[in-house]
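*Asks:* Here you go, one structure.
The values are calculated or read from the model by the stated rules, or taken from the named source; none is laboratory data. As the structure is a prediction and not an experimental result, all values here were calculated from the model. Backbone-built Cβ (ideal geometry, glycine too); neighbour counts: all protein chains shown.
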């Protein structure tokens, strides 16, 4: 267990605290905790790369922590009518597509290494920024139309999910072609 993995675990432990704060309508508290969690996301990756502390555990825990943080917060904000359901469905569907595709690839083709694409990283960053914006607006009791931003999140989720399908399909076809030639 190293510092990046401890930061990732901290992010996981903050998820129910954020949920509780949101459920109680404590948007300022939820915003502060969410920001802290988002900072640990950036920090654990930087520390792991900079000090060569990348581990197999971290490779599994980090994306899990990201998904728990985003999905729990987005579902809760949708329940509180702060994020439209269609945005939440797109975010969750993309994640389910990636997990389902990973399992299918593992079952049909075999082991693989998951490397998030640049588009996927931008997708996650956009989701984090939008969540912070929604929490900030709720904390300040401001009403700003967010439809264009929600549409962008939706589009990014669809395009990023499609990119994973494209990349993994090509890898599967290449792998299948290589194994049939052997």
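*Asks:* Of the numbered conditions (1) surrounded by fewer than 18 Cβ atoms within 10 Å (Cβ to Cβ); (2) assigned to a helix (DSSP H, G or I); (3) touching a residue at least 12 places away in the same chain (Cβ under 8 Å), residue 53 fails exactly one; give the number of that condition.
*Replies:* (2)
*Asks:* Let me ask something else about it. Does residue 139 count as within 13 Å of residue 70 (Cβ to Cβ), in contact with a helix residue (DSSP H, G or I) (Cβ under 8 Å, 6 or more places away or on another chain), part of a helix (DSSP H, G or I) and in contact (Cβ under 8 Å) with a residue 60 or more places away in the chain?
*Replies:* Taking the combined requirement at face value, the residue does not satisfy it.
*Asks:* Separate question: Checking the condition assigned to a helix (DSSP H, G or I), exposed (fewer than 14 other Cβ atoms within 10 Å of the Cβ) and under 16 Å from the mean Cα position of the chain (by Cα), which residue from 74, 60, 87, 15 passes?
*Replies:* 60
*Asks:* Looking at (1) surrounded by fewer than 18 Cβ atoms within 10 Å (Cβ to Cβ); (2) touching a residue at least 40 places away in the same chain (Cβ under 8 Å); (3) outside any helix (DSSP H, G or I), which one does residue 81 not meet, given that it meets all the others?
*Replies:* (2)
Table: residues versus (1) modelled with pLDDT of 95 or more; (2) farther than 18 Å from residue 125 by Cβ.
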{"site": "9", "(1), (2)": "yes, yes"}
{"site": "13", "(1), (2)": "yes, yes"}
{"site": "29", "(1), (2)": "yes, yes"}
{"site": "41", "(1), (2)": "no, no"}
{"site": "52", "(1), (2)": "no, yes"}
{"site": "66", "(1), (2)": "no, no"}
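*Asks:* Just for the range 117-132: of the residues that are surrounded by 20 or more Cβ atoms within 10 Å (Cβ to Cβ) and over 10 Å from the mean Cα position of the chain (by Cα), which one is farthest from residue 37 (Cα to Cα)?
*Replies:* Checking each candidate, the answer is 130.
*Asks:* Can you tell me which residue among 122, 166 is out of contact with any strand residue (DSSP E or B) (no Cβ under 6 Å at 6 or more places or on another chain) and closer than 24 Å to residue 42 by Cα?
*Replies:* Every option except 122 fails the conditions.
*Asks:* Working carefully through the options 42, 48, 30, find the one that is under 16 Å from the mean Cα position of the chain (by Cα) and part of a helix (DSSP H, G or I).
*Replies:* Result of the check over 42, 48, 30: 42.
*Asks:* Just one of the numbered conditions (1) part of a helix (DSSP H, G or I); (2) at pLDDT 95 or above; (3) more than 20 Å from residue 38 (Cα to Cα) is not true of residue 105; which one?
*Replies:* (2)
*Asks:* Scan the range 155-182 residue by residue and report those that are in contact (Cβ under 8 Å) with a residue 40 or more places away in the chain and buried (at least 18 other Cβ atoms within 10 Å of the Cβ).
*Replies:* 157, 160, 161, 164, 168
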